[in-house]
């Protein structure tokens, strides 16, 4: 039991590291690969791996019966297709740390809508944490918007990705918690891959320049981030509330800023540091337990 509790506590930090690394890897890969094609390859690769896992492990498809496969597919399209396609285009217009900062708006919107749709009330300190995290985002994003119209477009696209993550998180919490992890994730990635391939065909003139950097970038984001990271995210959603799970996104911008500075040479400004500190405090506040009255209902979901 203690070992399981320890893994539960470590899961958010593992997710943060994996999700943060995806921005840096994608930024490097997008120099040689068009953004929607990048996402399509990533999601198709995930789908192939998951289908092989279902076959090799002889897992049953029955848990997806009764229309649950459609619910999982919809959640996957929102989380992995919408949640990735728009931000990847944004990464070609704005620095990776600023894109990550916009995505840390996910907890605020998730918490607000989670209260209304999933009946997940928050304590006052958690609301304070969400607002504090919003302030940390505003410190950087507001300044960037005034600096460059092109950069602002990239941040708007990042916000479209936020809408995908929020709606996918809430949809998963409402319809998919009872489905075993592997069948659920397989259906999610199959739906997302179909949408990503269609989006690449309809919305983009694909560009590719195969190199070691592209192969490493796509492989890392496919195996470690999309498979490992989203599996952790789905597991956290199954064990906790939507608001507490999505609060981990507040730790992503600072981690991305450090990784981008160390690996890509992106500069860490004073505002970036201030945003990191403010958002991290907000994440700590949101991490408190939800109101006890809803705990039994959450466990049964």
Restricting the calculation to Cα positions, tell me the Rg (one decimal) and the Dmax (whole number) of segment 65-218 in Å. 17.3, 51
Going from the fewest other Cβ atoms within 10 Å to the most, one would list 71, 88, 119 as 119, 71, 88
Counted neighbours (other Cβ, 10 Å), sorted fewest up, put 233, 171 in the order 171, 233
Report the gain in length on full extension from residue 210 to residue 177: 0.36 nm times residue separation, minus Cα-Cα distance, nm rounded to one decimal. 8.0 nm
Most exposed to least, judged by fewest other Cβ atoms within 10 Å, 277, 74 sort to 277, 74
The extension gain from residue 49 to residue 125, computed as 0.36 nm times the residue separation minus the Cα-Cα distance, is 23.2 nm
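No value in this document is a laboratory result; all are computed from the given coordinates. From a predicted model like this one, the values you see are computed outputs, not experimental measurements. All Cβ positions, glycine included, derive from the backbone under ideal geometry; neighbour counts span all protein chains shown.
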